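Report on the structure given below.
The values are calculated or read from the model by the stated rules, or taken from the named source; none is laboratory data. Since the model is a prediction, treat every value here as computed from it, not as a measurement. Every residue, glycine among them, receives a Cβ derived from its backbone with ideal geometry; neighbour counts consider all protein chains shown. In case anyone asks, the SASA skips ligands and DNA or RNA and just uses the protein heavy atoms, side chains included. Shrake-Rupley method; radii C 1.70, N 1.55, O 1.52, S 1.80 Å.
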Amino acid sequence: MKLKQPQQRTGLYPGTFDPITLGHIDIITRAAKVVDHLVIGVAKNAGKGPLFDTKARVKMVEREVEALKRKGLTNISVKPFDHLLMHFAREIGAVVIIRGLRAASDFEYEIQMAAMNYRMNPKIETIFLTATEGTQFVSSRFVKEIARLGGNVKPFVSGRIAAQLAARFAQESGRRKVNPEVRD
């Protein structure tokens, strides 16, 4: 009698990752332990007005994933997408979508999204992973604002991402025209 091979469980963790934070890394690390293969789906999402273009965000995520692979998490890949999440999930063979929850305020939006996704494809489940205590307050939006104003973002992102943010905002401030008539 031939034993049936178990089907590989592919999970999809989608997001804009503009930029990828330590909160994202926490969810990725934990999600990679509950699926056989984890795809990090980097959404184009031009509607959010990302600081970095899709190609740059994919590269950022890939660098962070490489660091995880060196620590033994080798079941992670990164792919960009620019269409409906459920279509992308089907294309990659995902059976589960992973979403991170930082606070109760995230839950209402996420539960609505999960319900809509289930309605579109009931074969793909959504699971929620709650943020760990140290990452509950970390968001890409806050990280960008802190970096834009010259603050230290190293508690919230890797050193590589902190350097990219600093370079990006230094480049932007270099392009700004200074009006010598305006003083603080």
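From Cα pairs below 8 angstrom and at least 6 apart in sequence, can you work out the relative contact order of the stretch 48-184, rounded to a whole percent?
Details: 75 pairs, mean separation 22.7, N = 137.
Normalised by residue count, the contact order of the stretch 48-184 is 17 percent.
What ³J(HN,Hα) values, in whole Hz, does the Karplus curve 6.51 cos²θ - 1.76 cosθ + 1.60 give for the stretch 118-125 when θ = phi - 60°, with x put for Gly and Pro?
Karplus-based 3J(HN,Hα) across the stretch 118-125 equals 5, 5, 6, 7, x, 7, 10, 8 Hz.
In nanometres, what is the gap between the two model label sites at residue 90 and residue 102, each 7 Å from Cα along Cα-to-Cβ?
3.2
Dimensions of the chain along principal axes (Cα, Å, largest first)?
In descending order, the Cα extents are 84, 36, 31 Å.
Add -39500 (n - 2.57) for each DSSP H run of 4 or more in the chain, then divide by its residues: what number comes out at 222 nm, to the nearest 500 deg cm²/dmol?
Numbers: 6 runs with 78 residues, N = 184.
Result for the chain, helices only: -13500 deg cm²/dmol.
At 0.36 nm per residue, minus the direct Cα-Cα distance, what do residue 130 and residue 109 gain on full extension? Give it in nm, one decimal, please.
Working: separation 21, 0.36 × 21 = 7.56 nm, distance 1.44 nm.
Answer, rounded to one decimal: 6.1 nm.
Solvent-accessible area per residue for the stretch 1-143 at a 1.4 Å probe radius, Å²?
Working: 8280 Å² over 143 residues.
Computed with neighbouring chains in place, this is 58 Å² per residue.
Full-extension gain between residue 123 and residue 8, please, as 0.36 nm times their residue separation minus the C-alpha to C-alpha distance.
Computed gain between residue 123 and residue 8 is 39.9 nm.
Considering Cα pairs under 8 angstrom that are at least six residues apart, work out the relative contact order of the stretch 1-104 and quote it in whole percent.
Working: 140 pairs, mean separation 39.5, N = 104.
Computed value for the stretch 1-104: 38 percent relative contact order.
In debye, nearest 20, what is the charge dipole magnitude of the stretch 31-184 about its Cα centre with +1 on Lys and Arg Cβ and -1 on Asp and Glu Cβ, if you could check? Could the numbers behind the result be given before it?
Values: 26 positive and 16 negative charges, 106 e Å.
Roughly 520 debye for the stretch 31-184.
In the stretch 39-184, carbon and sulfur make up what percent of the accessible area (probe 1.4 Å)?
Details: 5060 of 9340 Å².
With neighbouring chains kept in place, the figure for the stretch 39-184 is 54 percent.
Taking θ as phi - 60°, what are the ³J(HN,Hα) couplings along the stretch 65-73 by the Karplus curve (6.51, -1.76, 1.60), each to the nearest whole Hz, with x for Gly and Pro?
Once θ is set to phi - 60°, the couplings for the stretch 65-73 become 5, 4, 4, 5, 5, 5, 8, x, 8 Hz.
Going by amide H atoms built from the backbone, whose H comes under 5 Å of the H on residue 101, apart from near neighbours?
129, 130, 131
Please list, or write none, the aspartates and glutamates whose alpha carbon is within less than 17 Å of the alpha carbon of residue 71, excluding same-chain residues fewer than 8 places away.
Residue 71 reaches 26, 36, 62.
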